[in-house]
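> Right, I'll just put the structure down here and ask away after.
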Amino acid sequence: MTTLPVHRRRRWLPFSPWHFVLAPVSLLFGLPLVWLVLSSFMSNAQINRFPPTIIPHSLHLDGYRYVLDNALFPRWFLNSAIVAVVVVIGNLVFGILGGYAFARLRFGGSRALLALMLGTLVIPFQITMIPTFLIMKDLGLVDTLGALMVPSLVTPLAVFLFRQFFLSLPREVEEAAWMDGCSRLRTLWHVVVPMARPALGTVAVLTFLATWNDLTWPLIAINNDHNYTLQLGLATFQGQHRTEWSAVMAGNLIAVLPVLIAFLAAQRTFIRSLASSAVKG
Amino acid sequence: MKTQFRVAVVNREPVRDPARSLRRRRYGEASTAWSYVLPSVAIILGLGIVPMVWSLVLSLQSSDLITPAQWVGLKNYETLSHDPNFRAAVGHTLIYTALFVPLSIAGGLGLALLLNRKVRLIGLYRTLVFVPFVVSATAQGVLFSFIFDSHFGLANAVLHWFDIPAQGFFADKSQALYLLVLIALWSGVGFCVVVYLAGLQDIPAELVEAASIDGAGRGATFRFVVWPALRPMTVFLLIWETLQSLQVFDMVFVTTRGGPLESTTVVVFFVWQQAFEVFNAGYAAAGAYVLAFGLLVLSIGIRLIRRGDERKVSRR
């Protein structure tokens with residue numbers, strides 16, 4: 001939609017008057033994050049007074065030092081990264097395989113199976129969490145990173161998004177490769193997957209966000225603080241250090257930074273993914 | 001890629017009867033398909049359908065997850081209906097949802113209209129509005145516990161400049177729940193903006209121009225062109241945001257743990273507490289099923305309304 005054709009007014013400003021609305025509104029959204037960064041570089045003396053320091057005269061690394069000495073943030077960071085990478089790869093690989101089978105291959109019961117899988121999309125996590133915990137316990141995975149990976153290794157959303165994408169691709173290219181004697185798996189890997197870039201991006205982004213940001217499931221599945229994820233570690237650390245705000249904010253920045261960097265680096269992919277998940281849902 | 005095709009062409013030569021070989025390869029289609037879907041089916045059904053049924057059975061039992069469970073029939077559900085803590089949790093969840101859903105959708109629409117214009121720096125403005133959405137609920141909770149800290153928080157400092165007395169915020173049982181809504185809006189509005197902006201950009205410019213040539217003002221154009229075109233987005237957001245807010249947990253856990261004085265216990269917090277703190281698993285499962293039932297009724301209800309709408313439109 002383009003803006004409405006407006007009768008030309010005399011410009012009384014060197015810039016659009018809309019900036020008077022846009023700037024304060026977007027600042028309102030940005031300021032809490034600015035405050036997060038600023039306060040993580042303040043000392044507790046600067047923070048714990050009223051009114052607090054707004055613009056610090058000096059920057060301090062006390063918070064970061066405290067966090068590294070008194071908590072396992074590097075370990076938690078590594079755990080979160082391992083879990084996120086494995087889960088994203090799992091969703092890509094199994095999502096492509098499953099989505100391709102549902103889109104292109106004929107096999108008995110495929111329609112019923114697809115319907116059943118899509119049905120699980122609407123099952124809320126709360127009714128599956130207790131039995132899932134018991135299953136993970138039986139598998140000996142509780143309190144290991146495995147418990148965080150297995151249940152989300154492939155999601156119905158990933159299978160569905162890939163299926164929809166493959167359906168939108170022309171069959172002819174695949175059939176040409178197939179006629180030339182390429183095996184199914186080779187056709188999939190060399191012909192279909194390279195065309196599926198947008199779907200790969202969408203699934204990767206949605207999976208990464210959900211996995212990295214989750215708190216509920218790690219809270220249930222993990223006890224030992226060596227196996228915490230960043231979110232669980234941060235929540236626990238804050239609970240134990242209510243007055244060490246500069247350290248808590250340093251930890252908070254560590255937990256948020258990867259997502260922020262990923263978002264700023266791939267903003268288009270993020271926004272397209274979020275919007276497309278809406279249209280499909 | 002090129003070499004591959006050349007190899008493929010060489011491979012084709014010895015085949016005398018292409019139809020027969022194709023038929024033979026087709027034969028393996030079903031088994032190939034099953035091997036492709038097997039991992040997804042195993043995980044999604046094994047950790048989706050199976051736990052769902054298991055949970056239903058659990059909700060009819062008295063179980064602490066350690067000693068053998070006892071069959072109690074519908075007693076858990078009956079107890080829930082009288083339990084003042086559960087009723088309070090349902091009440092808090094409904095208040096939260098009733099505030100968050102309309103505010104996030106209206107706010108998202110307003111901001112999307114505001115951000116849908118070509119001015120300098122618009123990319124930066126959009127980024128600032130979206131960015132809170134990718135911040136985890138945990139990180140939001142921690143950040144805003146600090147900002148709304150009743151002693152050293154930034155919020156009270158700002159109020160102090162305007163000579164407004166310091167507030168308790170999360171420590172005040174009459175404010176904590178509303179504060180949670182406010183924080184959820186800070187991050188949740190961005191998603192509505194993304195969805196609405198995508199919708200706005202799909203409206204053909206000719207349609208808007210035609211309306212203005214026909215003499216429609218801004219208000220009329222919005223009412224008769226823009227708003228109807230955004231309808232699918234509005235319905236989606238209505239369902240999505242309602243489901244999300246009925247299931248709110250992470251931020252409550254991080255900021256208030258249901259307090260002060262149980263003023264922010266929401267349904268999922270109640271379920272989690274019953275299951276993993278009190279080890280009353282059967283009771284927790286029943287609570288989860290009540291929530292799931294509510295979610296199901298709601299999403300079916302909204303879908304039916306939407307279908308009715310579509311019929312009306314197509315008849316026109």
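> Considering every residue within the range B:110-117, establish whether at least one is touching a Ser or Thr at 6+ places or on another chain (Cβ under 8 Å), closer than 26 Å to B:Thr265 by Cα, at pLDDT below 95 and surrounded by fewer than 22 Cβ atoms within 10 Å (Cβ to Cβ).
For the range B:110-117, residues touching a Ser or Thr at 6+ places or on another chain (Cβ under 8 Å), closer than 26 Å to B:Thr265 by Cα, at pLDDT below 95 and surrounded by fewer than 22 Cβ atoms within 10 Å (Cβ to Cβ): absent.
> I'd like the residue in the range A:221-240 that is in contact (Cβ under 8 Å) with a residue 24 or more places away in the chain and surrounded by fewer than 20 Cβ atoms within 10 Å (Cβ to Cβ) and, out of all such residues, is nearest to A:Met129 (Cα to Cα).
Among residues in the range A:221-240 that are in contact (Cβ under 8 Å) with a residue 24 or more places away in the chain and surrounded by fewer than 20 Cβ atoms within 10 Å (Cβ to Cβ), the one nearest to A:Met129 (Cα to Cα) is A:Asn223.
> Next question, about the same structure. With the requirement that a residue be under 14 Å from B:Ala275 (Cα atoms) and at the interface with chain B (Cβ under 7 Å from one of its Cβ atoms), what does the range A:116-133 give you?
Narrowing the range A:116-133 to residues under 14 Å from B:Ala275 (Cα atoms): A:125-133.
Those that are under 14 Å from B:Ala275 (Cα atoms) and at the interface with chain B (Cβ under 7 Å from one of its Cβ atoms): A:Gln126, A:Ile127, A:Thr128, A:Ile130, A:Pro131, A:Thr132.
> So, one more: Looking at A:Ala204, A:Ala262, A:Ala210, A:Ala177, which one is among the small types (Gly, Ala, Ser) and either facing chain B (nearest Cβ under 7 Å) or more than 29 Å from A:Asn79 (Cα to Cα) (or both)?
Values: A:Ala204 fails: either facing chain B (nearest Cβ under 7 Å) or more than 29 Å from A:Asn79 (Cα to Cα) (or both); A:Ala262 fails: either facing chain B (nearest Cβ under 7 Å) or more than 29 Å from A:Asn79 (Cα to Cα) (or both); A:Ala210 fails: either facing chain B (nearest Cβ under 7 Å) or more than 29 Å from A:Asn79 (Cα to Cα) (or both).
Going through A:Ala204, A:Ala262, A:Ala210, A:Ala177 in turn, the sole match is A:Ala177.
One line per residue, one yes/no per condition, for (1) touching a Cys at 6+ places or on another chain (Cβ under 6 Å); (2) modelled with pLDDT under 95; (3) within 21 Å of A:Met42 (Cβ to Cβ):
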| residue | (1), (2), (3) |
| --- | --- |
| B:Arg87 | no, no, no |
| B:Ala106 | no, no, no |
| B:Val135 | no, no, yes |
| B:Asp163 | no, yes, no |
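> Give all pairs with beta carbons closer than 7 Å in which a residue from the range B:159-184 that is free of Cβ contacts under 8 Å to residues at least 40 places away in the same chain meets a residue that is in a helix (DSSP H, G or I) and among the polar types (S, T, N, Q); count only pairs at least 6 apart in sequence or on separate chains.
Pairs that qualify, where the first residue is free of Cβ contacts under 8 Å to residues at least 40 places away in the same chain and the partner is in a helix (DSSP H, G or I) and among the polar types (S, T, N, Q), are B:Ala166/B:Asn156; B:Gln167/B:Asn156.
> Let me ask another. Inside the range B:92-206, counting only helices (runs of 4 or more DSSP H) that do not spill past its ends, which hold 2 or more residues that are within 8 Å of chain A (Cβ to nearest Cβ) and polar (S, T, N, Q)? Talk me through it step by step, then tell me what you get.
Numbers: elements: B:122-130, B:137-147, B:154-161, B:176-202.
Answer list for the range B:92-206: B:137-147.
> Go through the range B:254-279 and give me each residue that's in contact with a helix residue (DSSP H, G or I) (Cβ under 7 Å, 6 or more places away or on another chain), farther than 14 Å from B:Tyr96 by Cα and either away from every other protein chain (no Cβ under 13 Å) or among the charged types (D, E, K, R) (or both).
Our first condition is that a residue be in contact with a helix residue (DSSP H, G or I) (Cβ under 7 Å, 6 or more places away or on another chain); within the range B:254-279, this holds for B:254-256, B:258, B:260, B:262-271, B:274-276.
Remaining after also requiring farther than 14 Å from B:Tyr96 by Cα: B:254-256, B:260, B:262, B:270-271, B:274-276.
If the condition is that a residue be in contact with a helix residue (DSSP H, G or I) (Cβ under 7 Å, 6 or more places away or on another chain), farther than 14 Å from B:Tyr96 by Cα and either away from every other protein chain (no Cβ under 13 Å) or among the charged types (D, E, K, R) (or both), then B:Pro260, B:Glu262 are the ones that fit.
> Consider B:Gly259 carefully, then state whether it is outside any helix (DSSP H, G or I), under 18 Å from B:Gln175 (Cα atoms) and at pLDDT below 90.
Values: outside any helix (DSSP H, G or I): yes; under 18 Å from B:Gln175 (Cα atoms): yes; at pLDDT below 90: yes.
The answer is yes for B:Gly259.
> Go through the range A:105-163 and tell me which helices (runs of 4 or more DSSP H), entirely inside it, have 2 or more residues that are surrounded by 23 or more Cβ atoms within 10 Å (Cβ to Cβ).
On the way: elements: A:110-119, A:125-138, A:145-149.
Counting at least 2 such residues, we get A:125-138, A:145-149.
> Still on this structure, I have one more. Scan the range B:73-86 and tell me whether some residue there is crowded, with 20+ Cβ neighbours inside 10 Å, in contact with a Leu (Cβ under 6 Å, 6 or more places away or on another chain), more than 13 Å from chain A (Cβ to nearest Cβ) and over 21 Å from A:Gln267 (Cα atoms).
So far as the range B:73-86 goes, yes, one or more of its residues are crowded, with 20+ Cβ neighbours inside 10 Å, in contact with a Leu (Cβ under 6 Å, 6 or more places away or on another chain), more than 13 Å from chain A (Cβ to nearest Cβ) and over 21 Å from A:Gln267 (Cα atoms).
> Now for a different question. I'd like to check something: does the range A:56-79 contain any residue that is surrounded by fewer than 19 Cβ atoms within 10 Å (Cβ to Cβ), outside any helix (DSSP H, G or I) and within 10 Å of another protein chain (Cβ to nearest Cβ)?
Checked against the condition, which is being surrounded by fewer than 19 Cβ atoms within 10 Å (Cβ to Cβ), outside any helix (DSSP H, G or I) and within 10 Å of another protein chain (Cβ to nearest Cβ), the range A:56-79 yields no hits at all.
> Same structure again: Does B:Gly141 satisfy being over 29 Å from A:Pro218 (Cα atoms), within 21 Å of the chain's Cα centre (by Cα), touching a residue at least 24 places away in the same chain (Cβ under 8 Å) and buried (at least 17 other Cβ atoms within 10 Å of the Cβ)?
On the way: over 29 Å from A:Pro218 (Cα atoms): no; within 21 Å of the chain's Cα centre (by Cα): yes; touching a residue at least 24 places away in the same chain (Cβ under 8 Å): yes; buried (at least 17 other Cβ atoms within 10 Å of the Cβ): yes.
The answer is no for B:Gly141.
Quick grid of which residues meet (1) in contact (Cβ under 8 Å) with a residue 60 or more places away in the chain; (2) assigned by TED's automatic domain parsing to the domain that holds A:Ala84; (3) over 18 Å from A:Gly98 (Cβ atoms):
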site	(1), (2), (3)
A:Met149	yes, yes, no
A:Ser152	yes, yes, no
A:Leu161	yes, yes, no
A:Phe166	yes, yes, no
A:Glu172	no, yes, yes
A:Glu175	no, yes, yes
A:Gly181	no, yes, yes
A:Thr187	no, yes, no
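> Next up: Working carefully through the options A:Leu92, A:Leu31, A:Leu27, A:Leu105, find the one that is within 13 Å of chain B (Cβ to nearest Cβ) and either acidic (Asp, Glu) or farther than 30 Å from B:Tyr196 by Cβ (or both).
A:Leu105
> Out of A:Thr216, A:Thr207, report the one residue that is in the same structural domain as A:Leu92 (by TED's automatic domain parsing), within 30 Å of B:Leu230 (Cβ to Cβ) and within 16 Å of the chain's Cα centre (by Cα).
Details: A:Thr216 fails: within 30 Å of B:Leu230 (Cβ to Cβ).
Sole residue among the options that is in the same structural domain as A:Leu92 (by TED's automatic domain parsing), within 30 Å of B:Leu230 (Cβ to Cβ) and within 16 Å of the chain's Cα centre (by Cα): A:Thr207.
> Quick check: is even one residue across the range B:309-316 under 24 Å from A:Gly239 (Cα atoms) and not in a helix (DSSP H, G or I)? Even if it seems obvious, please write down each step before you answer.
Step one: list which residues in the range B:309-316 are under 24 Å from A:Gly239 (Cα atoms), which gives none.
For the range B:309-316, residues under 24 Å from A:Gly239 (Cα atoms) and not in a helix (DSSP H, G or I): absent.
> From the list B:Phe253, B:Phe276, B:Phe293, B:Phe236, pick out the single residue that is under 20 Å from the mean Cα position of the chain (by Cα), surrounded by fewer than 23 Cβ atoms within 10 Å (Cβ to Cβ) and over 30 Å from B:Ala112 (Cβ atoms). Walk me through it before giving the result.
Values: B:Phe253 fails: surrounded by fewer than 23 Cβ atoms within 10 Å (Cβ to Cβ); B:Phe276 fails: under 20 Å from the mean Cα position of the chain (by Cα); B:Phe236 fails: over 30 Å from B:Ala112 (Cβ atoms).
Unique residue meeting the criteria: B:Phe293.
The values are calculated or read from the model by the stated rules, or taken from the named source; none is laboratory data. All values reported here derive from a predicted model rather than from experimental measurement. Positions of Cβ are generated from backbone atoms using ideal geometry, with glycine treated the same way; all protein chains shown enter the neighbour counts.
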